[in-house]
Structures are given as structure tokens and as C-alpha cells.
Amino acid sequence: MSVSKGPLEIALEAEAPIDLADRIIDALRYRIGKDRQAARPHDWLAATVLTVRDRVIDKWMASTRNAHASGAKRVYYLSLEFLIGRLLRDALSNLGVMEEVRAALSSLDVDLEIIREIEPDAALGNGGLGRLAACFMESLASLDLPAYGYGIRYVNGMFRQRIDDGWQVELPETWLEYGNPWEFERRESAYHVGFGGEVIADEAALAKWVPGEQVIAMAVDTPVVGYGGKRVNTLRLWNAHAIDPIRLDAFNAGDHIGALAGKNRAESLTRVLYPADSSSAGQELRLRQEYFFSSASLQDILRRHIQYFGDIRTLPDKAAIQLNDTHPAVSVAEMMRLLIDVHNLGFEEAWKITVATFGYTNHTLLPEALESWPLALFERLLPRHTQLIYAINANVLKAARKVRPDDDAFVAAISLIDERGDRRVRMANLAFAGSHSVNGVAALHTQLMKETVFADLNTLYPNRINNKTNGITPRRWLQQCNPRLTSLIREAIGDSFLARAENLTDLDAFASDAAFQEKFAAVKRHNKVDLSEYLRRTLGIKTDPDAMFDVQIKRIHEYKRQLLNILETVALYNQIRLHPERDWTPRVKIFAGKAASSYHRAKQIIKLANDVARRINADPAVGSLLKVAFIPNYNVSLAELIVPAADLSEQISTAGLEASGTGNMKFALNGALTIGTLDGANIEIRDRVGDDNIFIFGMTADQVAARRAEGYDPAAAINASPELAQALANIGSGVFAPDDPARYTDLVHDLFHSDWFMVAADFDAYERTQRRIDKVFQHSAIWTEKAVHNTANMGWFSSDRTIQQYAADIWGMI
Ligand SMILES: *Cc1c(COP(=O)(O)O)cnc(C)c1O
């Protein structure tokens, strides 16, 4: 048999460790230019990645070839964020070569764990929305669906957070410092993207856009390996380049800086990720980024379609384009421009193709997050698109008037242009009108879309809004981050759950099995020892792994209510000091998260968490009964360390404001119990794990709305709650800020006088639930049984299920 095998087939087969080690040495020598003696850890990492990447390439090419050959429909996921984190463990695990590579490295005296840890996080995203895009890419490849992710290759991704004297300090993130061995520059895949200029009519009176400025978008590709290594898809990120990198006339005239101005201006487009989560940045550079990556992606998609299928009119049969929030919504206008101005279609036909091709995912109903651009800015940057948006709007408004002839408010709400004040282009309305599917990301969120922000658009376009509850990939969020739990599950029920997460329900049978409970608890404790060690090493905080690890890690935002958790921490601290004799359950309160650079209140909340931690951790009166840790620089890798070690997961947003959450899913999958409000996906988690295995408290979304409508009085709520009033008095009087006693005066004042996120209204219910949780935690068998039920019933929240639903209901692929 072996005589018939070509070198390629032989190379693809599993190699003996020694061969793999030789390949790593070769990569080190010939591609990095170092020998074993001179190699530093980063060189070993690069050599290992290059060796693994070689394995991926053949499968990658085969995946692309097969998609072409079969003429299969492709999905294009357009997202301004991809929060992928580290790639090595993911690739090794999905290729099934983890142990082989570990052994090869070990034969070279290199520890895989050590080089794995120095791989930088690809942090090209802010939070949940970007991480969802990364989980989706992994699931698409694992489900063998042909897909491309399109986004921006930011030179500086999400900032690094340092905590100085309790305050957040933002440092530039430099993930490309040592190069990026995963990526391929595709110099042949380059497109011009224009800005500004004017629209003129040519001889045939057809519109012609003459941009005032052009940049080149150049593709950089990263392979995305699916589970089992079956399919490798492409994440294509765009880099901006100047057309003329240097103006030689200026340079020769001695203006060395001016000669490079064009290059710097072009490249600044893809320099930084806007660190704004759940709010619109509203900056011109952001709109430029949005158009830049939308235009390059659509040009690439249409080029590929014409190349393989010849006829632009078959686009919706062969391509589904999903808009991850409104960030790429300008694509709707760009598609119309390309179809009409470049491919010479008529307006009506172009519109039909556009709507049939696009789907739009909404991620938030927070008003400050809904993108809209001043019409004047939009027109200056994109004059042709502005014309097209007017033309689209004329049709949309005509249809609206037909449905409700005398309802001006209805028509005004649907308009793509907000006519109140300075006129603005509404990106959500553009995305809605230009898509055949508009989805929310959890059942409650989708319901609220229909009832509130999109009620009028839903009347005009009924049946467009649909729900696709978010998910997470069980490969990264169980197999890779929690190998101990994965082994235990595998021993009990086999490993089919990694490809079919719904099979985790087989674990339910073990939930009350004392021997299994003991092993499950031992895994959790082991993970807590690891985190405890990290806390000691990095923060100097000593924690007891037998205490309850109570965790809230996510972006810092008022709607997520870290403040509610901190206030309860202060109240608990007061109670322990008042009643030291009681049977307290020792807790470690763990916080992590970044605040948007310009979000003053969120940064103040970080400082408060750190101030409270400093005082409590130093107080011998509470000792090990209560510890508080704020862990700096929350990112994907830190989540992978913390999630497996959590006992309690804090998901306590004001009901109606968290669209889905995915952090909640990671924790429950890893056997943490949730304390949460009936918000986002918490509701669906409760439906699956069962009322007895989750701690729900507080107002529902309906109750929040009713309370607001009747005139919420936060001062009355505070005065009715002695423990809350005491905690606020402590904070307001500087107990936690002796160096600056007035530090939190405004924060406390705002709680008494506005409290938009209704922290005071939910405080008592939250506090009571926490004390109930204390009691349950003391019965370790009962707690563990609930934890097992969580892991067993979280399989539905696999992003494989989410992607299958998108593929079937939106993309027409299965
Ligand atoms: C999962 C994840 C999030 C989203 O967390 P939520 O609790 O749903 O807001 C944000 N950031 C990182 C790094 C994540 O891994």
C-alpha cells in the first residue's frame, strides 16, 4: 500500500514524535533563522505554530476546493470584532494532535504549556459580540459549513488593562509584536476603497462616483480549524494601505514627514479597535472603518461569485451575508452601489438581490448603542451611498404610508433618516429594511425587539424578526479550558458530547451518584486551587479553595450591575463584623472586566471594587470569611482560567437590558450555579437546568418597565432597606476611601436621585438570595448535584446548535 502514497499523503499522516520534532527544528532553522541553542520561547512558539500550520494548509485548500467543486452556498459573517484569543491550543485540540505535539516538544526539552502561555490573545473585539463571532467561526468549521469571516486586522486590539492604585489604566495592546505566524498576507486579494469626492453623471446619465480619496484593502487570512480537523475555513481580515506609500516629490524636496502623510493616514484606518462596548463611538474614523471593511468584503464576495458562478443575479442562491450588529450595515448601501453602478442592474432588481442576501443580527436595545450618523458627515464621506439611501428610503416610506396612511409617527419611526434635530442616518433601520431576516439573540430580547425599538418596522415587515439564542463552542469552553472536567465526563458518558453537546444530558443520571459527585467536586476544587495560586502570585491575595468562589467577570457597565454585587459585598462585610458568631459561608468575591476608556462611571466602579477589596482583605475581623479580588486585564485567556474555578456565576443585569449574555453559558456548562435575574439567556438557562438548580431573583423585564412608568423612587427603596442604606452611608462617607472621602459622593447621590438601572429596587431580593445560597453551599452533596445538573443540561447552548438554526432558517444552507 505505502508505495502508492504520494509525499503529500505521507506528510498528512500522524507522524512519530521524532519526525514532528525534526519538522519543528526545521521550522526554527529555516523559517525563523535560529538554532536550538539560540532559540527563545517565542521562537519555539513560532516554530511550533508554523509546523502545525503546515498540517492545516492541505485541509484548508481541500475545503476551499470542495466548496468550489460542489457549488455549495457560502456564508459570509461580517463583523467588526473577532475576539478569538489564543489559537494554538484550539488548533492542536481540533486537529487531535495535542499529545503528539506535546511529546515532540518534550523531546526537545520544550514544555508545550510554557510556550502556549506566551501566545498573545488575538483581542480584536470588546466583549460578548466579538467572542460570539469567534465561537461561530469555530462552529461553522466544525459543522463542515463553507464560511468566511470578514473583519479588520487591528494593529492594536482591545487595550491592556492595568490597575494602578485601584484605577484602570489603558495600555496599548501589541499582539503583533513578535509577528503572527498564523496569518497569510494575500497581496493578490486587494481592493480600492474610496471616500469623499462627488457623484457625477456620465454620458448615459448613469451615476458615477469619483472618490476624493482612495485606500487599498489587503487581505490577511487566518485558518479556522473545525473539530476533528474536517474543515478549515478562512477568517479574512483587512489591512489598509496607501496607494502611494511615499510621495517622492515631497521627499526629494526635503519634506520627509509630509512624504509619508498619505501612508500614515491610510494605515491609521486599521490601527485601533474602538474600545466601546454597548455604546456607539460616533467618531468619523469609526464610520470610515465600517465602510472600509464592508466595501472590501463585498467586492471580494462579488468577485468570487462572478468567478465561480458567472451571473451576479444568482448571488442569493450562493451567498448568505450576515451582519453582526449594525457595524457593517453600510454594506446594504454598498451592495446596491456595486450591483447598480458596477454590475449595471436596475434599482428594483438590485434591491431584491440585496434583501435576499443579507441577514441582520441585533445585539442590544440600549439607546446609546444604536448607531446613527449625522447626515452631513455621511454625505461628505459617502455621497453616492447617501443618494442610494434616499432612494431606498423613498420606497420604504411609500410602503409604510400604504400600511398606515394617516400615521405620521409610524412613518417617521420607520424612516432611514432621523429627522429630529440634526438629521441622522439610522443604521439599524437600514439593516432592517435591507435584510430578509432580522434576529435577536435570546427569546426575551427578540420579544422586546418586536414590542419596543423595532415595533413599527415589525409591522411593516412582519415575519422578518426571528430568534436565534446565542451559544458557545464546547471545544474551547469545556474541552480546552477544563480538561479535568472533560476527562471526568468522558469516563462517564464517552466523548460524543464534544461534537453533539446535547448528549451531555446523559450526565443527569450521575447527578445523585455519590461517587461521581465526589469526583466532580474534586475537579472543581482542583481548578480552584489553580486560580487561588494565580491570585496569590499576581495580586498577593490569599484565598481558601474551600471557600465559595463567587464570580462576576464581564465588561464593566452600569446595566450589568457590578455595583449591586459590590453593595452586597459591603453589606455582607458589615454583617460579618456585627455578628462574627454566626455560621458564615466563606466567600471569595472575584471581579474582572474592562471599562470603555471614556466611561467615567464604569471606571469609578472599578476603583470602588478595588477600594472595597483593599479594606476587606486587610480586616482581621473577617479573616478568611470574605476576600475580594479584582483581577486585571480580563480577556479570553483569563476567562479560560477563571470559568472552570467558579462556584457561583453572577448574571445580575437589570431585566430587559442584557440581550443574551454568553458568559452565563460558559459558567453553567462548567458546573457553576447561577445567581441571576430573568434577563437574556438566563431565562432559557433556567428552563433547561430547572428552577431548583439556579437562583433567580428580582424584577422581571415587565416589572422594570411598569416601575419606571409609575415613577420609580430610589430614595424610598433605599430607606426601606437598612442594610443597603448602611452600605451606601459607608461608601458615601469615605469608609473605603480614607485618602479621598468624597470620591463616591456623586455615585451615591445618583443612586438616591436617579438609579436608572434599579440597583436599589433589586437589592433586598438579591441579598436574601445570597444568604439562601450560603446555606445551600454548606451542603456540598446538594450543591454538587445541582452543579452536575447544570453541566448536563447546558448542551443546548452549544454554538453548534445556534449555527445550525442560522443555517436552516436564515441562510438556506441545510
Ligand atoms: C464570554 C466573554 C464575554 C461575554 O461575557 P458576558 O458575561 O456575556 O457579558 C466578554 N469577554 C470575554 C473575554 C468573554 O470570553
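Some points to look at:
- Helix content alone sets the calculated 222 nm mean residue ellipticity of the chain: runs of n ≥ 4 DSSP H residues at -39500 (n - 2.57) each, divided across all residues, give -14000 deg cm²/dmol.
- Among the GluC sites (Glu not before Pro) within the range 152-210, those in coil by DSSP and having at most 13 neighbouring Cβ atoms inside 10 Å are Glu177, Glu203.
- Couplings 3J(HN,Hα) for the range 325-340, derived from phi with the Karplus relation 6.51 cos²θ - 1.76 cosθ + 1.60 (θ = phi - 60°), are 6, 7, 3, x, 5, 4, 4, 4, 6, 5, 4, 4, 4, 5, 5, 7 Hz, where x marks Gly and Pro.
- In terms of its C-alpha gyration tensor, the range 47-149 comes out oblate, because a/c is 1.5 or above while a/b does not outweigh b/c.
- The range 348-385 residues near the modelled Phe309 label - backbone nitrogen below 12 Å, point 7 Å along Cα→Cβ: 353-354, 356-358
- Cα-based reach from Lys524 at 29 Å (exclusive), listing lysines while leaving out same-chain residues under 8 positions away: Lys542, Lys554, Lys560, Lys589, Lys594, Lys627, Lys666, Lys775, Lys786
- Cα shape, the chain, gyration tensor, a/c 1.5 rule: oblate
- FRET efficiency estimate (nearest 0.05) - Cβ-Cβ, Ala253 to Arg500, R0 45 angstrom: 0.10
- Global form of the range 523-650, assessed from the alpha-carbon gyration tensor, a/c cut-off 1.5: oblate
- Separation of alpha-carbon centers, the range 628-686 and the range 251-305, rounded to whole Å: 35 Å
- Estimated from the Cβ-Cβ distance and a Förster radius of 56 angstrom, the FRET efficiency linking Arg271 and Glu581 is about 0.45.
- Residue-count net charge about Tyr76 - beta-carbon cut-off 12 Å; Lys, Arg +1, Asp, Glu -1: +4
- Dipole magnitude for the chain: about 660 debye, using +1 per Lys or Arg Cβ and -1 per Asp or Glu Cβ, origin at the Cα centre.
- Hits among lysines - C-alpha to C-alpha of Lys402 under 30 Å, sequence gap 8 or more where chains match: Lys352, Lys450
- When each of the peptides 456-465, 246-255 is scored by the mean number of other C-beta atoms lying within 10 Å of its residues, the order from highest to lowest reads 456-465, 246-255.
- Backbone N atoms of the range 131-163 closer than 20 Å to the 7 Å Cα→Cβ label point of Asn66 belong to residues 136-149.
- Note, ³J(HN,Hα) from phi for the range 227-233, Karplus 6.51, -1.76, 1.60, rounded to Hz, x at Gly and Pro: 4, x, x, 5, 10, 10, 9
- Each residue, Glu710 and Val342, gets one label point 7 Å from its Cα in the Cβ direction; the gap between the two is 5.7 nm.
- Extension gain, Tyr559 to Glu177, is 134.0 nm, computed as 0.36 nm per intervening residue step minus the present C-alpha separation.
- Of the chymotrypsin sites (Phe, Trp or Tyr not before Pro) in the range 660-759, the ones in a loop by DSSP (not H, G, I, E or B) with at most 16 other beta carbons within 10 Å are Trp756.
- A straight line joining the Cα centroids of the range 86-161 and the range 27-48 runs 20 Å.
- Unit charges on C-beta of K, R, D, E only; dipole of the range 389-485, Debye: 560 debye
- Gain upon complete extension [Ala621, Thr745; 0.36 nm per residue less C-alpha separation]: 42.0 nm
- Cβ-Cβ FRET estimate between Asp513 and Ala281, R0 fixed at 56 Å, reported to 0.05: 0.60
- Each of Ala522 and Asp544 was given a label point 7 Å from its Cα along the Cα-to-Cβ line. The distance between the two points is 2.3 nm.
- Here the dipole of the range 49-90 is about 100 debye; that uses its Cα centre as origin and unit charges on the Cβ of Lys and Arg (positive) and Asp and Glu (negative).
- Cα centroid separation, the range 724-748 to the range 474-519: 46 Å.
- A full extension of the chain between Asp687 and Glu170 corresponds to an added length of 182.2 nm, given 0.36 nm per residue minus the alpha carbon distance.
- Each Cα pair under 8 Å and six or more residues apart adds its separation to the average, and for the chain the resulting relative contact order is 12 percent.
- Across the range 400-557, the mean sequence separation of Cα contacts (distance under 8 Å, 6 or more residues apart), normalised by length, yields a relative contact order of 12 percent.
- Spin-label model distance (nm) - His600 vs Glu533, 7 Å beyond Cα toward Cβ: 4.4 nm
- Residue order, fewest to most beta carbons within 10 Å, for Trp44, Trp783: Trp783, Trp44
- Near Gly149, the amide H atoms lying under 5 Å from its own belong to Tyr77, Thr234, Leu235, Arg236; only residues 5 or more places off or on other chains count, and H is placed 1.01 Å from N.
- Radius 14 Å from Cβ of Ile683, net charge of other residues (Lys, Arg +1; Asp, Glu -1): -4
- Of all aspartates and glutamates in the structure, the ones whose alpha carbon falls short of 16 Å from that of Lys528, not counting any fewer than 8 places away in one chain, are Glu518, Asp544, Asp546, Asp550, Glu640, Asp647.
Every read-out reported here was derived from the displayed coordinates using simple, explicitly stated rules and does not represent laboratory data. Fair warning: this is a prediction, and the values are worked out from it, not measured in the lab. No Cβ is skipped: glycine too gets one built from the backbone with ideal geometry, and neighbour counts run over all protein chains shown.
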